[in-house]
Amino acid sequence: MNAQLQPTGSAYFIAKETEAAENHTLSVLVKNEPGVLARVIGLFSGRGYNIESLTVSETEHEAHLSRITIVTNGTPHVLEQIKAQLERIVPVHRVVDLTVRARQFGHERPLEREVALVKVAGSENYRVEALRLADAFHAKVADATVEHFIFEITGKPSKIDQFIAIMKPLGLIEVCRTGIAAMNRGAQGM
């Protein structure tokens with residue numbers, strides 16, 4: 001049976017077979033009140049949408065507004081459904097697909113950054129090499145003992161992925177990533 005016609009709870013099967021899924025970064029401005037994040041996340045999980053990255057922070061203290069940045073994957077049809085459903089949630093003030101907006105302004109992607117803490121064993125064989133590579137990636141030493149380093153690195157998600165891959169053979173112990181913070185280039189606001 002064709003995937004389009006299979007009855008499932010996920011919206012991924014509604015899309016035309018010719019549409020390719022791609023990652024999009026959504027910025028959602030919400031009233032900062034208890035339960036808003038749970039409602040937004042519930043929308044995704046209840047409809048079978050996946051969240052690749054999620055960050056939340058209050059951005060306007062006086063107005064009690066928070067900004068939720070979500071990276072999700074889907075076809076253009078599915079992404080439009082997500083945006084429309086998010087806009088229907090009562091405490092949501094605005095939803096902007098930063099990926100679409102960036103393309104409208106002639107950019108491939110919005111400006112995206114992530115912070116990661118990367119713990120690496122500081123064994124004497126690889127200690128100097130770990131420090132040399134961290135310097136090449138502009139990672140700061142956030143903590144160090146004779147047994148380990150904790151590096152703090154900021155950059156595009158691809159840069160952080162590359163740094164983690166390079167640290168694996170040197171004794172990678174643990175990684176903690178913040179998720180993507182994103183904004184479009186130019187003088188326009190959200």
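Please work out which residue is farthest from the chain's Cα centre (by Cα), limiting yourself to the range 156-165 and to residues that are surrounded by 18 or more Cβ atoms within 10 Å (Cβ to Cβ) and within 14 Å of H138 (Cα to Cα).
F163
Count, please, the residues in the range 82-109 that happen to be over 16 Å from the mean Cα position of the chain (by Cα) and in a strand (DSSP E or B).
The qualifying residues number 3.
Let's see how each residue does on (1) closer than 16 Å to E114 by Cα; (2) more than 22 Å from the chain's Cα centre (by Cα):
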position	(1), (2)
D143	no, yes
T154	yes, no
C176	yes, no
I180	yes, no
R185	no, no
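Rundown of residues vs (1) polar (S, T, N, Q); (2) in the same structural domain as L54 (by TED's automatic domain parsing); (3) crowded, with 16+ Cβ neighbours inside 10 Å, yes/no style:
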| site | (1), (2), (3) |
| --- | --- |
| G74 | no, yes, yes |
| A116 | no, no, yes |
| L131 | no, no, yes |
| K140 | no, no, no |
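V118 versus (1) without any contact (Cβ under 8 Å) to a residue 40 or more places away in the chain; (2) more than 30 Å from G35 (Cβ to Cβ); (3) β-branched (V, I, T): which is the lone unmet condition?
Unmet for V118, out of (1) without any contact (Cβ under 8 Å) to a residue 40 or more places away in the chain; (2) more than 30 Å from G35 (Cβ to Cβ); (3) β-branched (V, I, T): (1).
Hey, could you check the range 1-38 for residues that are touching a Phe, Trp or Tyr at 6+ places or on another chain (Cβ under 9 Å) and farther than 26 Å from P110 by Cβ and say which is modelled with the highest pLDDT?
S10
For H138, only one of the following conditions fails: (1) on the phi < 0 side of the Ramachandran plot; (2) touching a residue at least 12 places away in the same chain (Cβ under 8 Å); (3) of a type outside the set (D, E, K, R). What is its number?
Just one mismatch for H138, condition (1).
Any idea which of E124, E60 is loosely packed, with under 15 Cβ neighbours inside 10 Å and in the same structural domain as M167 (by TED's automatic domain parsing)?
E124
Is the range 144-155 home to any residue that is under 21 Å from R67 (Cβ atoms) and touching a residue at least 12 places away in the same chain (Cβ under 8 Å)?
Yes, the conditions are met somewhere in the range 144-155.
Of (1) at pLDDT 95 or above; (2) within 15 Å of S27 (Cβ to Cβ); (3) in contact with a Gly (Cβ under 7 Å, 6 or more places away or on another chain); (4) not basic (K, R), E112 satisfies all except one. Which?
(3)
Given the residues A136, A121, A116, A165, which is the only one that is of a type in the set (G, A, S), closer than 20 Å to E52 by Cα and out of contact with any Lys or Arg (no Cβ under 8 Å at 6 or more places or on another chain)?
A165 is the lone residue from the list that is of a type in the set (G, A, S), closer than 20 Å to E52 by Cα and out of contact with any Lys or Arg (no Cβ under 8 Å at 6 or more places or on another chain).
When you scan the range 52-81, how many residues do you find that are of a type in the set (A, V, I, L, M, F, W, C), free of Cβ contacts under 8 Å to residues at least 60 places away in the same chain, farther than 10 Å from N32 by Cβ and outside any strand (DSSP E or B)?
1
The values are calculated or read from the model by the stated rules, or taken from the named source; none is laboratory data. Computed from a predicted structure; not experimentally measured. Don't worry about glycine lacking a Cβ; one is built from the backbone with ideal geometry, like all the others, and counts go over all protein chains shown.
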